[in-house]
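Contents: one structure, followed by commentary.
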Amino acid sequence: MNWIKKKNNTKININDIPTLKINDLREEIISLNKRPIGFFGKDWGRGSTKLFVILADDENADLYVSSVIFEGSEKEYESLTQVILAFHIFEREFYEQFGIKPLNHPWLKPLRKNQKDYKFFEMEGEEVHQVAVGPIHAGVIEPGHFRFMCNGETVYHLEIMLGYQNRGVEELMVKHPTNQMAESICGDSVIAHNLAYSKVMEILKNIKVSKRAQLIRTLALEMERAAIHIGDLGAISGDIAYLMGASVFGATRTLVINTMLEFSGSRFGRGLVRVGGVNFDIDNEKIERAIKTLTKVEKDVDRMVKTMLKNTSVMSRLEKTGVVSQEKAREIGLVGMAARACGIVIDSRFDFADECFKNLALPRKIFKGKGDVNARFQLRYQETMESLSIAKRILEMLKNGFKEEVLNLNNNSLCADSLAISITEGWRGEIVHIALTDMNGTLSRYKIKDPSFNNWYGLALAVRNNGVSDFPLCNKSFNLSYCGNDL
Amino acid sequence: MFDTLKSRIYQGNQFIKDIKNAPMREQFRGLPKLCNANCNNCKDCLNVCPTGALKLNPLSIDMGKCTFCGACKNVCKTGAIDFTNFYKLSTTKRENLIVTEDMTQEEFSKIAIEVRKEIKRVFGKSLKLRQVSAAGCNGCEMELNACSNVNFDMGRFGIDFVASPRHADGLVITGPISKNMAYALEDCYKSTPDPKIVVLCGACAISGGVFQQSSELNREFLEKYPIDLYIAGCPVHPLTFINGILGFIQGK
Ligand code: SF4
């Protein structure tokens with residue numbers, strides 16, 4: 001047996017995970033040809049390193065898990081990236097963290113550390129010039145460095161160097177795991193990251209969460225999605241100098257996050273989700289108010305988007321700007337919203353649905369996008385409307401039933417020798433949290449994969465052959481996370 | 001054209017007129033309210049606090065560390081800890097952020113901001129700020145962006161975020177300051193012309209917040225340069241930020 005096959009939100013006894021030779025596992029990975037969601041090392045004593053590989057089979061909702069031990073003397077292997085490009089970033093990370101080198105990797109550069117050793121791709125020629133931007137950007141946003149190779153106004157190539165945000169989250173999570181830390185992994189995906197963390201801990205602690213609490217969690221997740229998408233519709237409007245859109249979407253987003261404030265005491269839902277359920281129940285008075293507010297939001301967003309789409313000067317800025325072809329998107333392993341905008345069918349809410357989402361039995365809408373800014377704009381619109389309708393539906397359900405406790409205060413100890421996986425679809429895409437425990441039942445490794453980790457390279461491809469001045473627009477349409485990548 | 005006008009009319013006026021007395025929803029967790037008499041020393045709150053903001057005997061909460069997560073209040077069975085929705089949580093002195101039982105809203109407002117004449121004179125009518133996110137999680141950053149939206153409309157007070165430190169009168173720092181951002185932050189500070197102010201925004205910037213224990217931080221900047229204003233929150237609410245800055249530059 002070369003793999004152990006599992007579903008989402010499960011734990012595996014570490015001793016049940018097959019351990020192969022690297023060359024065999026490499027062959028296996030290539031022949032299976034599934035999407036990587038986990039590829040990370042762990043100290044395995046006496047100088048050896050264990051590499052865990054987790055692949056996702058989206059059609060069948062299966063996860064394939066396997067591993068390899070590298071003895072202290074084994075310091076290299078033939079890279080997978082040569083064959084499957086989607087591994088490029090995973091192999092860079094593994095190399096940076098454990099020093100085991102993927103040979104013939106086409107792009108083996110620092111990821112989060114050693115920025116001084118970073119060698120940029122250079123182009124030569126009289127007409128070619130470089131534009132360097134960052135780490136500090138013009139707006140109020142997180143830091144990162146962008147290096148454009150341009151010919152006049154046209155971008156040939158963009159290289160993105162990150163790592164400025166590195167706070168050592170994975171180590172901190174092992175030492176002192178808390179919901180508050182999970183909420184700060186990426187402050188625009190508070191609910192999504194905290195949910196992934198809470199689920200992993202609940203799996204390891206054998207804690208059951210009530211239906212009502214699960215509904216409130218799903219509600220919060222959809223409200224987060226709607227709020228950020230609306231904010232980004234505004235930001236995209238701002239970047240094409242359609243200020244009316246920026247104002248209207250800005251004000252509309254406020255309505256959603258202020259509703260979140262009523263539910264949780266924080267505009268971004270901090271303090272709502274915790275291991276065992278949620279901290280706050282929602283009474284019927286708040287529910288009524290929320291339904292009214294969200295109905296208004298639906299109308300406002302709908303009206304504004306339709307007005308914009310009728311405007312030719314808006315469309316000429318959105319269409320054919322920042323294109324990523326479906327083929328490229330698959331090749332480099334884009335996930336989440338950015339992938340869906342290229343017409344790829346991928347959404348872990350459906351592919352790896354949890355109990356609560358399954359029970360909602362929602363129809364899956366397929367988005368036919370061309371991978372340009374327009375597609376990402378319209379997809380955000382579609383998803384906003386969907387999320388708002390899901391949120392309203394859940395609010396109705398909470399009003400009429402599911403009268404249960406929302407918090408299970410059992411605090412069992414963690415299962416020993418286990419690996420737990422949880423995938424949650426945040427607004428950007430799949431967020432994967434993986435926790436390992438040792439024989440005493442203490443956390444020994446915590447792995448986080450934010451969708452931005454996969455998607456930054458997509459942004460780099462999107463701006464090729466566009467004007468430099470269109471970069472902000474492309475960037476906003478993706479709105480990737482710096483700290484989600486840097487951890 | 002007509003659609004655009006219609007959308008505009010539907011929106012009406014969104015801005016908060018009286019920003020200094022803007023109401024806040026009761027659920028907001030702001031200034032803590034502590035009661036020593038109710039505390040039975042069970043220490044449950046200490047165990048759940050993620051940042052070590054809490055101290056017992058007497059009870060105190062350091063708002064420079066506090067994430068306002070409310071975990072301490074939720075776990076306290078005797079009602080010793082509560083949070084009011086008072087949101088003006090800015091101060092010119094770090095110690096003021098440590099709140100004890102006697103720190104009422106009125107008391108805090110009285111001592112929080114020490115008004116300096118020269119600040120009022122130089123920046124009172126216009127203050128341009130350069131924001132530096134030094135490993136901020138994008139929570140404070142989103143709220144600072146919200147300060148300039150149509151609801152809060154900070155620009156009407158002459159306060160704006162600008163693109164270049166050369167155009168700025170001061171820095172607003174968010175995030176716990178990672179090693180990898182330490183250089184850029186200092187560089188940005190040096191590029192800002194004098195006279196300039198430095199504002200720390202949010203628990204991470206003020207104390208490291210939930211990242212205090214991280215080995216990837218480099219907070220030397222804070223020892224080298226004077227800090228003018230501390231604004232508490234996780235993240236900082238736009239009303240907290242705007243009122244904090246206004247209090248500092250206008251002395252009101
Ligand atoms: S609200 Fe503040 S003091 Fe209370 S547990 Fe959270 S961080 Fe600690």
- [ ] Report the accessible surface area buried between chains B and A, summing both sides, using a 1.4 Å probe on protein heavy atoms only, in Å² rounded to the nearest 100.
- [x] 4500 Å²
Task: Pairwise FRET efficiency - A:N2 versus B:L5, Cβ, R0 = 60 Å, nearest 0.05 - done: 0.40
Open item on the list: Please give the Cα centre distance for the range A:405-439 versus the range A:376-393, rounded to the nearest Å.
Closed with: 27 Å
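What is the packing order of peptides A:298-304, A:44-50, taking the mean over residues of other C-beta atoms within 10 Å and listing the highest first?
A:298-304, A:44-50
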TODO: Quote the FRET efficiency, to the nearest 0.05, computed for A:T442 versus A:N60 with a Förster distance R0 of 35 Å and r equal to the Cβ-Cβ distance.
DONE: 0.55
Task: Around B:E223: net Lys/Arg minus Asp/Glu count, Cβ-Cβ under 14 Å - done: +1
Open item on the list: Which one, A:N410, A:G277, A:S313, is farthest towards the positive end of the dipole of the range A:169-486 when Lys and Arg carry +1 and Asp and Glu -1 on their Cβ?
Closed with: A:S313
TODO: Kindly report the accessible area of chain B per residue (heavy atoms of protein chains, probe 1.4 Å, no ligands, DNA or RNA), in Å².
DONE: 43 Å²
Open item on the list: Can you give the local net charge around B:K190? Use residues other than it whose beta-carbon is closer than 13 angstrom to its beta-carbon, Lys and Arg +1, Asp and Glu -1.
Closed with: +1
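Relative contact order for chain B using alpha-carbon pairs under 8 Å, separation at least 6, rounded to a whole percent? Please report the intermediate quantities before stating the final value.
Numbers: 477 pairs, mean separation 59.0, N = 252.
Here the relative contact order equals 23 percent.
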TODO: Round to the nearest 0.05 the FRET efficiency obtained for A:Y118 and A:C415 when R0 = 45 Å and r is the Cβ-Cβ distance.
DONE: 0.65
Task: Under-13-angstrom lysine pairs by C-alpha in the range A:4-103, whenever the two are 8 or more apart or on separate chains - done: 5
Open item on the list: Along the Cα→Cβ direction, 7 angstrom out, place labels at A:D283 and B:E118. What is the inter-label distance in nm?
Closed with: 5.3 nm
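I'd like the carbon and sulfur percentage of the solvent accessible area for the range A:4-103, probe radius 1.4 Å, heavy atoms only, ligands and nucleic acids excluded. Don't jump to the answer; show the numbers that get you there.
Details: 1820 of 4180 Å².
With neighbouring chains kept in place, the figure for the range A:4-103 is 44 percent.
Taking the mean number of other Cβ atoms within 10 Å as a proxy for protection, how do you rank A:109-116, B:174-181, B:211-218 from highest to lowest? Intermediate results must be reported in sequence, preceding the final value.
Working: A:109-116: 16.6, B:174-181: 27.5, B:211-218: 18.5.
So the peptides A:109-116, B:174-181, B:211-218, ranked by packing, come out B:174-181, B:211-218, A:109-116.
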Task: Between helix B:238-250 and chain B: long-axis angle, C-alpha atoms, 0 to 90°, nearest 10 - done: 70 degrees
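Given the Cα-Cα distance of A:K299 and A:E171 and 0.36 nm per residue of separation, how much length would full extension add, in nm? Numbers along the way, then the final one.
Details: separation 128, 0.36 × 128 = 46.08 nm, distance 4.46 nm.
This chain segment gains 41.6 nm when fully extended.
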Open item on the list: Looking at the calculated P(r) for the protein assembly as shown, what percent of the C-alpha pair distances fall above 37 Å?
Closed with: 38 percent
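Round to a whole number: what % of the accessible area of the range A:169-486 belongs to carbon and sulfur, probe 1.4 Å? If you can, show how the numbers build up before the last one.
On the way: 5220 of 10000 Å².
So the carbon and sulfur contribution to the accessible surface is 52 percent.
Report the relative contact order of chain A, percent, no decimals, based on alpha-carbon pairs under 8 angstrom and at least 6 residues apart. Write out the running numbers ahead of the final one.
Details: 965 pairs, mean separation 96.8, N = 487.
So the answer I get is 20 percent.
Averaged per residue, what accessible surface does the range A:87-246 expose to a 1.4 Å probe, in Å²?
On the way: 5260 Å² over 160 residues.
Using a 1.4 Å probe on heavy atoms only, each residue of the range A:87-246 averages 33 Å².
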TODO: Mind giving me the nanometre distance, one decimal, between the label points for A:E78 and B:A163, set 7 Å out from Cα along Cα→Cβ?
DONE: 4.9 nm
Task: Shielded residues, the range A:163-189 - accessible-area loss of 20 Å² or more between chain alone and all protein chains, probe 1.4 Å - done: A:Y164, A:Q165, A:N166, A:R167, A:L172, A:H176, A:Q180, A:M181, A:S184, A:G187, A:D188
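When Cβ neighbours within 10 Å are restricted to other protein chains, what is their mean count per residue of peptide A:253-264?
Details: counts 4, 7, 1, 0, 3, 3, 1, 1, 6, 4, 1, 3.
Average neighbour count from other chains, rounded to a whole number: 3.
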Open item on the list: Can you list the residues in the range B:159-195 whose accessible area drops by at least 50 Å² when all protein chains are present, compared with the chain alone? Use a 1.4 Å probe, heavy atoms only.
Closed with: B:N180, B:M181
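Can you divide the C-alpha Rg of the range A:169-486 by 2.2 N^0.38 Å and report the result to two decimal places?
Details: Rg = 19.5 Å, N = 318, 2.2 N^0.38 = 19.6 Å.
Computed over Cα atoms of the range A:169-486, the ratio equals 0.99.
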TODO: Could you pull out every one of the aspartates and glutamates with an alpha carbon less than 13 Å from that of A:K399, ignoring same-chain neighbours closer than 8 positions?
DONE: A:D281, A:D283, A:E285, A:E288
TODO: Measure of size requested: the Rg and Dmax of the range A:4-103, with Cα atoms as the atom set and Å as the unit; please supply both.
DONE: 13.0, 40
TODO: Calculate, in whole percent, how much of the Cα-Cα pair population of chain B lies beyond 22 Å.
DONE: 56 percent
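Let me make sure I get this right: for the range A:182-223, a, b and c are the square roots of the gyration tensor eigenvalues over alpha carbons, sorted descending. Under 1.5 in a/c it's rounded, otherwise prolate if a/b > b/c, else oblate. Which is it?
Numbers: a/c = 3.91, a/b = 1.23, b/c = 3.17.
Because a/c hits 1.5 or more and a/b fails to exceed b/c, the range A:182-223 counts as oblate.
Which percent of the accessible heavy-atom area of the range B:117-250 goes to carbon and sulfur, probe 1.4 angstrom? Intermediate results must be reported in sequence, preceding the final value.
On the way: 2090 of 4390 Å².
Heavy-atom surface of the range B:117-250 belonging to carbon and sulfur, 1.4 Å probe: 48 percent.
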Task: Count, lysine Cα pairs under 27 Å in the range B:117-250, 8 or more residues apart or across chains - done: 20
- [ ] Between B:R219 and A:N151, with labels modelled 7 Å along Cα→Cβ, what's the label distance in nm to one decimal, could you check?
- [x] 5.1 nm
Task: Ellipticity estimate at 222 nm from DSSP helix runs (n ≥ 4, -39,500 (n - 2.57)) divided over the protein assembly as shown, nearest 500 - done: -11500 deg cm²/dmol
Task: Cross-link reach list, aspartates and glutamates versus A:K113, counting only Cα pairs under 12 Å and skipping chain neighbours closer than eight places - done: A:E93, A:E96, A:D486, B:E216
TODO: Kindly rank B:100-112, A:432-444 from highest to lowest mean number of other beta carbons found within 10 Å of each residue.
DONE: A:432-444, B:100-112
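The values are calculated or read from the model by the stated rules, or taken from the named source; none is laboratory data. The structure presented is a predicted model; accordingly, all values stated were derived computationally and were not measured. Heads up, the Cβs are rebuilt from the backbone with ideal geometry, glycines too, and the neighbour counts pull from every protein chain shown. Side chains included, ligands, DNA and RNA excluded: accessible areas come from the protein's heavy atoms. Shrake-Rupley method; radii C 1.70, N 1.55, O 1.52, S 1.80 Å.
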